[in-house]
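See structure below.
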Amino acid sequence: MSNRVEAITMDIVEAVRDVLRKHEVTFGEYRAGVGHMIKTQEAKELPLLIDVFLNSTIVEIENRNRKGSHAAIQGPYFREGAPHVEETLAIRDEDKDQPRMVLRGSVTDLNGRPVAGAVIDVWHSTPEGRYSGVHGDIPLEFYRGKITTDKDGRYEVRSIMPVPYQIPNQGPTGALLETYMNGHSWRPAHVHYWVHAEGYRDLISQAYFEGGKYIEDDCCNGGGKEFVVSEDYEDDLRVMKVDFKLDPAVAAAQAAE
Ligand code: MBD
Ligand code: FE
């Protein structure tokens with residue numbers, strides 16, 4: 001393991017050195033770059049900065065040898081310890097009039113057989129594009145929860161709909177994207193999922209709302225978007241139907257050989 005850390009670290013350093021040489025980076029530019037990293041750290045945005053640029057590459061690698069549903073970027077705002085929920089995620093009083101959605105679907109194995117008792121962590125932003133337990137002092141229980149599949153591998157939970165999310169553009173990561181790189185700092189409205197089931201590989205994914213802004217132009221380079229869910233309503237509930245197919249865990253696959 002330590003050889004792997006050494007090999008990867010040395011290769012990263014060599015790759016960065018090549019870039020510095022290619023652009024003949026000056027001492028002043030180098031100091032400015034270090035200063036920006038310090039600002040990023042002080043704003044507690046290091047996880048955000050790194051995920052914006054690199055999480056999608058890790059996902060690409062993961063998906064090369066993964067069967068069933070593909071993984072998507074996790075992003076920096078997953079938090080441990082969300083409550084188990086049944087019918088609905090906790091909704092803040094001030095958001096009671098927001099448009100509602102229901103997340104529902106199934107978890108199956110590669111052959112379509114139901115996986116009962118799978119636990120799915122779901123999380124999404126507030127209508128202002130903030131995450132509980134991260135931004136401001138929104139308590140962790142809002143817009144996060146663990147739901148469990150029933151004996152038929154089905155899950156269902158309600159919440160309000162998230163909106164397109166802008167990386168705080170007063171912060172160093174937003175400034176890097178918008179001011180210095182001439183880009184934008186928006187992600188499409190999305191819901192995060194982390195599916196855990198015994199005997200299967202964890203699956204971290206996201207779902208998007210068909211017709212939503214920034215799906216094709218995601219600042220996080222979200223890559224393949226497997227779950228862009230068509231616009232479908234049940235009364236005034238937007239139905240987000242997402243079916244996950246799980247890849248067997250490596251140990252389980254070996255035992256079956
Ligand atoms: C998010 O909400 C997110 O999901 C990612 C990947 C990056 C920044 C904010
Ligand atoms: Fe997110």
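The values are calculated or read from the model by the stated rules, or taken from the named source; none is laboratory data. These figures come from a predicted structure and were not determined experimentally. FYI the Cβ positions are ideal-geometry reconstructions off the backbone, even for glycines, and counts take in every protein chain you see. Keep in mind that these areas ignore ligands, DNA and RNA; they rest on the heavy atoms of the full protein, side chains included. Shrake-Rupley method; radii C 1.70, N 1.55, O 1.52, S 1.80 Å.
Evaluated over the Cα positions of the chain, the convex hull gives a direction-averaged projected area, one quarter of its surface, of 16.6 nm².
DSSP beta bridges fully contained in the chain are about 70 percent antiparallel.
Is the shape of region 6-45 best called rounded, prolate or oblate, per the rule: a/c under 1.5 gives rounded, else a/b larger than b/c gives prolate, else oblate, with a ≥ b ≥ c the square roots of the Cα gyration tensor eigenvalues?
On the way: a/c = 3.64, a/b = 1.24, b/c = 2.92.
Oblate shape, in that a/c is at least 1.5 and b/c is the bigger or equal ratio.
Residues considered: THR40, THR148, THR26. Largest GNM mean-square fluctuation over the chain, using C-alpha springs under 10 Å, is found at THR26.
Could you tell me whether region 9-131 comes out rounded, prolate or oblate from its Cα gyration tensor? Rule is a ≥ b ≥ c as square roots of the eigenvalues, rounded for a/c under 1.5, then prolate if a/b exceeds b/c, otherwise oblate. Each step should come with its number before you reach the end.
Working: a/c = 3.62, a/b = 1.62, b/c = 2.23.
Oblate shape, in that a/c is at least 1.5 and b/c is the bigger or equal ratio.
Using alpha carbons only, how many degrees (0 to 90, rounded to 10) separate the axis of helix 2-22 from the longest principal axis of the chain? Once rounded, the angle reads 50 degrees. Largest GNM mean-square fluctuation across GLY112, GLY75, GLY153, computed for the chain with C-alpha springs under 10 Å, falls on GLY112. Looking at region 181-253, the GluC sites (Glu not before Pro) that sit in a DSSP loop and have at most 16 other Cβ atoms within 10 Å of their own Cβ are GLU198, GLU210, GLU216, GLU226, GLU231.
Between GLU128 and LEU237, the contour length at 0.36 nm per residue exceeds the Cα-Cα span by 37.3 nm. Surface exposure of region 1-152, expressed per residue as accessible area with a 1.4 Å probe, stands at 62 Å².
Using a Förster radius of 30 Å, what is the FRET efficiency between LYS22 and GLU226 based on their Cβ-Cβ separation? Nearest 0.05, please.
0.25
Pairs from the table (LYS146/LYS213; LYS213/LYS245; LYS96/LYS245) lying more than 30 angstrom apart at Cα are LYS96/LYS245.
Treating r as the C-beta distance of GLU216 and ARG31 and R0 as 45 Å, the FRET efficiency rounds to 0.75. Since only GLY212, VAL250, THR108 are under comparison, the one whose Cα sits farthest along the positive direction of the charge dipole of the chain, derived from C-beta charges on Lys, Arg, Asp and Glu, is VAL250. Here the accessible area is traced with a 1.4 Å probe on the protein chains. For the chain, carbon and sulfur cover 53 percent of it. The stretch between HIS135 and GLN98, if pulled fully straight at 0.36 nm per residue, gains 11.4 nm over its current Cα-Cα span.
With a 1.4 Å probe and every protein chain left in place, work out the accessible area per residue of region 154-208 in Å², rounded to a whole number.
Working: 2240 Å² over 55 residues.
Using a 1.4 Å probe on heavy atoms only, each residue of region 154-208 averages 41 Å².
Of the trypsin sites (Lys or Arg not before Pro) in region 3-53, the ones in a loop by DSSP (not H, G, I, E or B) with at most 16 other beta carbons within 10 Å are LYS44.
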